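This report concerns only the one structure given below.
Bear in mind these aren't lab numbers, they're just calculated from the coordinates by the rules spelled out. This structure is a prediction, so every number in the text was calculated from the model and none was measured. Note: ideal-geometry Cβ built from the backbone for every residue, glycine included; neighbour counts use all protein chains shown.
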Amino acid sequence: MFITDDPSFDALYRDTLPKVARMVRQMGGDLQTAKDLFHDAVIIYLEKKQNNTLKIAVTAQAYIMGIAKILCIRKLKADQRETDLDTLNPAFAVPDDYYTPPPVRRPVLEYLKTAGSKCLQLLQAFYYDKKTMQDIAASFHYKTPHTAAVQKYKCLEKVREQIKQTRYEDNLV
Amino acid sequence: MRTTLCEIQAIEQYLDNTLPVTEHLLFQARTLAAPELAEKVNAQEKVLQLVRWFSRKKKKEKLDQLFNQLMQEESFHHSITTIFT
């Protein structure tokens, strides 16, 4: 299953989930909560690894557990002042917008899922997966990286106009 | 590239903080003087937030699929469920 290019990911997942599950259990959480928090921690870890912003020399497992612990405390502990010093380490910071809802209304989301899906994939490849224009040109079948870059800007324009249009219609209501 | 696309590129560099300091400040001043440019910057920032939101959602769906797949394995299923019994 393609989640990351790293072939050791499967082993990391298998080894770390039970450890996170035990920690969540100790804090009073159930299996569903453990699974969700673990997945959030994995995504945050993968993003930081991708962006070279891990800023700490620990194993992937230790990092994921550190993030999962912070997420768990936020979710399950009524008194969040119980956070220990480890979890205050800025290297384990959770992205500000991680749990915020999408910044647009439903019509834009629907548009992106349907008419704009190819654009969305292109923008994801560049801005989220940090693929090079060379790779993007190859996987999206553009003749040159320059063509792919121009297409990326066209996509940005298309989605941006959709957002502006929806906002305009909202103001009319 | 046509003018609009060049402007989108400039906004991208502004949001990325990859413009030289003087150009960044100049661009910032332009956004203060031109509300329509400020609106474009704001909308473009929202596009990037939206891309992150969709990407995370997609990644989470794939992780859920992996979880469901592993839970089909008896030993993995046992090792996880016994923690909660």
Out of the residues in region A:11-33 that are at the interface with another protein chain (Cβ under 8 Å from one of its Cβ atoms) and either within 19 Å of the chain's Cα centre (by Cα) or buried (at least 20 other Cβ atoms within 10 Å of the Cβ) (or both), which is nearest to B:Lys62 (Cα to Cα)? A:Tyr13
Out of all the residues in region B:16-37, which are surrounded by 14 or more Cβ atoms within 10 Å (Cβ to Cβ) and within 14 Å of chain A (Cβ to nearest Cβ)? B:Leu37
Six or more apart or on different chains, Cβ under 7 Å: which pairs go from a residue in region B:22-38 that's over 15 Å from B:Ile8 (Cβ atoms) to one that's part of a helix (DSSP H, G or I)? Could you list them? B:His24/B:Tyr14
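Assess whether B:Glu7 counts as being under 13 Å from A:Ile163 (Cβ atoms) and touching a residue at least 24 places away in the same chain (Cβ under 8 Å). Even if it seems obvious, please write down each step before you answer.
Working: under 13 Å from A:Ile163 (Cβ atoms): no; touching a residue at least 24 places away in the same chain (Cβ under 8 Å): yes.
The answer is no for B:Glu7.
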Mind checking which residues of region A:118-147 are surrounded by fewer than 16 Cβ atoms within 10 Å (Cβ to Cβ), more than 10 Å from chain B (Cβ to nearest Cβ), assigned to a helix (DSSP H, G or I) and not basic (Lys, Arg)? A:Gln134, A:Asp135, A:Ala138, A:Ser139, A:Pro145, A:Thr147
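I'd like to verify a number: residues in region A:35-53 that are over 15 Å from A:Gly66 (Cβ atoms) and within 8 Å of chain B (Cβ to nearest Cβ), how many? Quick ask: steps written out before the conclusion?
We begin by selecting, within region A:35-53, every residue over 15 Å from A:Gly66 (Cβ atoms); these are A:35-36, A:39, A:50-52.
From the residues that got through so far, the ones that are within 8 Å of chain B (Cβ to nearest Cβ) too are A:35, A:39.
Result for region A:35-53: 2.
Among B:Gln49, B:Gln44, B:Gln65, which is at the interface with chain A (Cβ under 7 Å from one of its Cβ atoms), part of a helix (DSSP H, G or I) and surrounded by fewer than 14 Cβ atoms within 10 Å (Cβ to Cβ)? Lay out the reasoning, then the answer.
Details: B:Gln49 fails: surrounded by fewer than 14 Cβ atoms within 10 Å (Cβ to Cβ); B:Gln44 fails: surrounded by fewer than 14 Cβ atoms within 10 Å (Cβ to Cβ).
Step by step, each of B:Gln49, B:Gln44, B:Gln65 is checked, and only B:Gln65 is at the interface with chain A (Cβ under 7 Å from one of its Cβ atoms), part of a helix (DSSP H, G or I) and surrounded by fewer than 14 Cβ atoms within 10 Å (Cβ to Cβ).
For region A:106-117, which positions are not in a helix (DSSP H, G or I) and not hydrophobic (A, V, I, L, M, F, W, C)?
We begin by selecting, within region A:106-117, every residue not in a helix (DSSP H, G or I); these are A:114-116.
Passing the criteria: A:Thr114, A:Gly116.
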Of the conditions (1) in contact with a Leu (Cβ under 8 Å, 6 or more places away or on another chain); (2) surrounded by 14 or more Cβ atoms within 10 Å (Cβ to Cβ); (3) not aromatic (Phe, Trp, Tyr), the single one that B:Thr81 does not satisfy is (2)
